[in-house]
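Visitor: One structure follows; several queries about it will come next.
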Amino acid sequence: MHHQSHSDPSPAALSTVDDATTDAATTRPLRVGVIEDQPLLGGMLAELLDGAPGVTFVGRAGTVAEARRLFLPGTVDVLTMDIELPDGNGVSLGVSLRRAQPGLGVVLLSAYDLMDMLLEMPADVREGWSYLSKTSSLTREILLEAIRVSARGETMLDPELIDRTRPRAGSSLESLTDRQYAVLQLLATGRSNTGIATRLGIAEKSVQNHLTAIYAALGIEHDTSSNPRVSAVLALLSESGRLS
């Protein structure tokens with residue numbers, strides 16, 4: 001286990017996400033581990049999480065092998081995970097760990113725009129993944145929100161990357177109104193219905209009505225086998241392009 005102490009990560013790490021509402025805290029802190037091979041970033045993440053409210057920092061691993069030894073099933077609730085590791089791929093590791101511990105949340109971190117990798121997730125482990133870019137607006141509050149979202153089995157994508165998405169020509173996203181597309185983008189960045197309503201200045205009931213219309217347009221069924229919010233996020237990924 002590595003746990004290095006560093007000074008305050010950066011001014012950006014103390015900025016807050018523009019969402020005044022979050023779900024109520026769970027009765028016990030979320031146990032969070034870090035898988036990151038870059039010592040500086042890994043140490044910054046460890047220090048940030050070690051003092052974060054509602055979080056218990058479990059430990060840090062720098063390789064796939066170390067992560068398998070350290071984060072045994074039942075020891076963590078969420079892992080933040082670099083995709084590119086010295087001895088393997090973080091996504092494959094995440095799939096393996098989630099199958100060993102259903103319900104484990106995974107927050108993927110990458111220096112590249114690799115969000116589309118979430119579309120390749122096997123159906124049995126499709127929920128509870130989030131994705132943040134190391135090179136965009138990675139702040140303390142955004143990271144903590146991604147951890148909370150993944151812990152409850154939903155998906156949060158990097159807000160800066162999602163803000164650059166536009167519907168692909170001929171896709172079902174093109175049938176959405178501008179307001180519905182804005183709701184879908186905010187959903188994809190982890191906001192609750194209340195958070196979406198606050199951001200757009202509309203009633204929460206209106207948000208639910210928009211979501212019902214979005215699910216219908218995207219062909220998302222309400223059933224017990226999948227979370228419609230996750231399905232909507234994946235549809236946004238698959239049917240949109242990103243501005244350069």
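Visitor: When you check Leu109 against the structure, is it in contact with an Asp or Glu (Cβ under 6 Å, 6 or more places away or on another chain) and touching a residue at least 60 places away in the same chain (Cβ under 8 Å), yes or no? Let's see the steps before the verdict.
Guide: Working: in contact with an Asp or Glu (Cβ under 6 Å, 6 or more places away or on another chain): yes; touching a residue at least 60 places away in the same chain (Cβ under 8 Å): yes.
Judged against the criteria, Leu109 is a match.
Visitor: Run Val149 past the list (1) among the β-branched types (Val, Ile, Thr); (2) surrounded by fewer than 17 Cβ atoms within 10 Å (Cβ to Cβ); (3) assigned to a helix (DSSP H, G or I) and report the number of the one that doesn't hold.
Guide: Against the list (1) among the β-branched types (Val, Ile, Thr); (2) surrounded by fewer than 17 Cβ atoms within 10 Å (Cβ to Cβ); (3) assigned to a helix (DSSP H, G or I), Val149 comes up short only on (2).
Visitor: How many residues are more than 17 Å from the chain's Cα centre (by Cα) and either more than 24 Å from Thr139 (Cα to Cα) or at pLDDT 95 or above (or both) if we restrict to the range 63-88?
Guide: 16
Visitor: Given the criterion among the aliphatic types (A, V, I, L, M) and outside the structural domain of Asp37 (by TED's automatic domain parsing), identify the matching residue among Ala169, Ala146.
Guide: Numbers: Ala146 fails: outside the structural domain of Asp37 (by TED's automatic domain parsing).
Of the residues listed, the single one that is among the aliphatic types (A, V, I, L, M) and outside the structural domain of Asp37 (by TED's automatic domain parsing) is Ala169.
Visitor: Go through (1) crowded, with 22+ Cβ neighbours inside 10 Å; (2) within 18 Å of Val149 (Cβ to Cβ); (3) not hydroxyl-bearing (Ser, Thr, Tyr) one by one and return the number of the condition Arg126 breaks.
Guide: Failing condition for Arg126: (1).
Visitor: Within the range 170-244, which helices (runs of 4 or more DSSP H) (wholly inside it) include 1 or more residues that are in contact (Cβ under 8 Å) with a residue 60 or more places away in the chain and among the β-branched types (Val, Ile, Thr)? Step through it out loud before you land on a result.
Guide: Details: elements: 178-188, 193-200, 204-217, 228-238.
Answer list for the range 170-244: 193-200, 228-238.
The values are calculated or read from the model by the stated rules, or taken from the named source; none is laboratory data. Please read all numbers here as calculations on a predicted model, not as lab measurements. Don't worry about glycine lacking a Cβ; one is built from the backbone with ideal geometry, like all the others, and counts go over all protein chains shown.
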